[in-house]
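FYI, it's all coordinate maths here, none of it is from the lab. Small disclaimer: the values here were computed from a predicted structure and weren't measured. Positions of Cβ are generated from backbone atoms using ideal geometry, with glycine treated the same way; all protein chains shown enter the neighbour counts.
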Amino acid sequence: MAEPSQIERSALGLKYLPARHILQGLAWALRDDFSRAQPFGHCVIDDFFPEAILDSVLEELPQPESEKWTRWASDPESARSSSSKWGISDVYGIGEVTSSLMLRLISAPFLDFLEILSGLSGLIGDPRFRGGGVHSTGRGGCLPVHSDAERHPMGRPFCQALNLIIFLNRQWSPSFGGDLELWSRDGGHPVVKIPPLFNRMVIFESGTNTFHGHPHPLTCGSNRRRISLAAYYYLIDRSRDANYSNYNTLVQWLR
């Protein structure tokens with residue numbers, strides 16, 4: 001059997017998540033703020049993960065020319081551009097630390113944390129991380145404001161209910177742009193802007209009118225990319241509420 005890599009050896013000695021009782025205490029402490037947040041339920045948690053874990057994730061990322069990246073773009077020309085949004089949902093093919101971290105995000109203790117925080121019972125993770133995993137956008141790239149389509153690989157009756165983003169951008173200058181914007185439910189204007197800083201986790205409700213994105217082209221140098229991890233959580237046969245009106249298979253773009 002091959003010897004484990006340096007990253008794999010270091011990962012064995014690192015704790016990915018706080019202890020269960022700490023997770024639950026944090027969720028209860030933030031629950032009211034999450035429910036009262038505008039324009040829809042959300043929270044921002046800084047320094048949640050050990051920095052060594054996130055640095056190891058960055059070390060594991062494939063080179064830009066790697067075929068592991070999927071170019072998410074509307075046409076072949078823009079897909080080839082370095083400014084386009086790239087992603088890797090098959091996190092198990094990246095490295096030990098990345099796959100281990102993503103698995104913690106769909107573990108029972110973390111699902112309990114999310115349920116207490118959001119007030120949503122019966123949350124389900126997606127072990128395939130369809131549409132999630134690693135996201136990377138270069139200079140000039142952006143993500144127009146939108147509400148998400150349903151994306152669970154098994155389709156109905158799995159309805160998206162929560163989004164989670166972990167930003168991995170050290171020394172990210174405000175001049176680079178790339179703030180995550182949460183827009184009003186009518187899609188009229190941004191209400192909250194969240195800089196994509198290293199070790200910042202954002203959790204927010206997902207629905208048919210939870211508009212979000214980073215709509216302004218990035219102005220970072222050509223050697224920098226806006227990098228994040230994403231995971232999505234689902235309810236079975238989700239009931240209609242203030243943020244959710246119907247099962248929607250199409251992204252609703254605003255900008």
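Normalised by the number of residues in the range 16-253, the average gap of Cα pairs under 8 Å and 6 or more apart makes the relative contact order 26 percent. The separation of the range 186-209 from the range 97-162, counted between C-alpha centres, amounts to 14 Å. For a straight C-alpha distance cut-off of 19 angstrom, the aspartates and glutamates reachable from residue 85 (same-chain residues fewer than eight places away being disregarded) are 60, 65, 67, 75, 77, 148, 179, 181. For the range 118-218, just say rounded, prolate or oblate: build the C-alpha gyration tensor, square-root its eigenvalues into a ≥ b ≥ c, call rounded for a/c under 1.5, and beyond that prolate if a/b exceeds b/c, oblate if not. Prolate. Once the Cα-Cα distance is subtracted from the 0.36 nm per residue extended length, the residue 248 to residue 15 segment shows a gain of 80.1 nm.
For 20, 139, 226, the sequence from fewest to most other C-beta atoms within 10 Å is 20, 139, 226.
Sort the range 16-253 into rounded, prolate or oblate with this rule: let a ≥ b ≥ c be the square roots of the eigenvalues of the Cα gyration tensor; rounded if a/c is under 1.5, and if a/c is not under 1.5, prolate when a/b is larger than b/c, oblate otherwise.
Numbers: a/c = 1.39, a/b = 1.20, b/c = 1.16.
It comes out rounded by the Cα gyration axes.
In plain terms, the residue of 130, 36 with the fewest other Cβ atoms within 10 Å comes first and the most crowded comes last, giving 36, 130. Tell me whether the range 165-214 comes out rounded, prolate or oblate; compute the Cα gyration tensor, take square roots of the eigenvalues as a ≥ b ≥ c, and use a/c under 1.5 as the rounded threshold. Note, shape of the range 165-214 comes out oblate.
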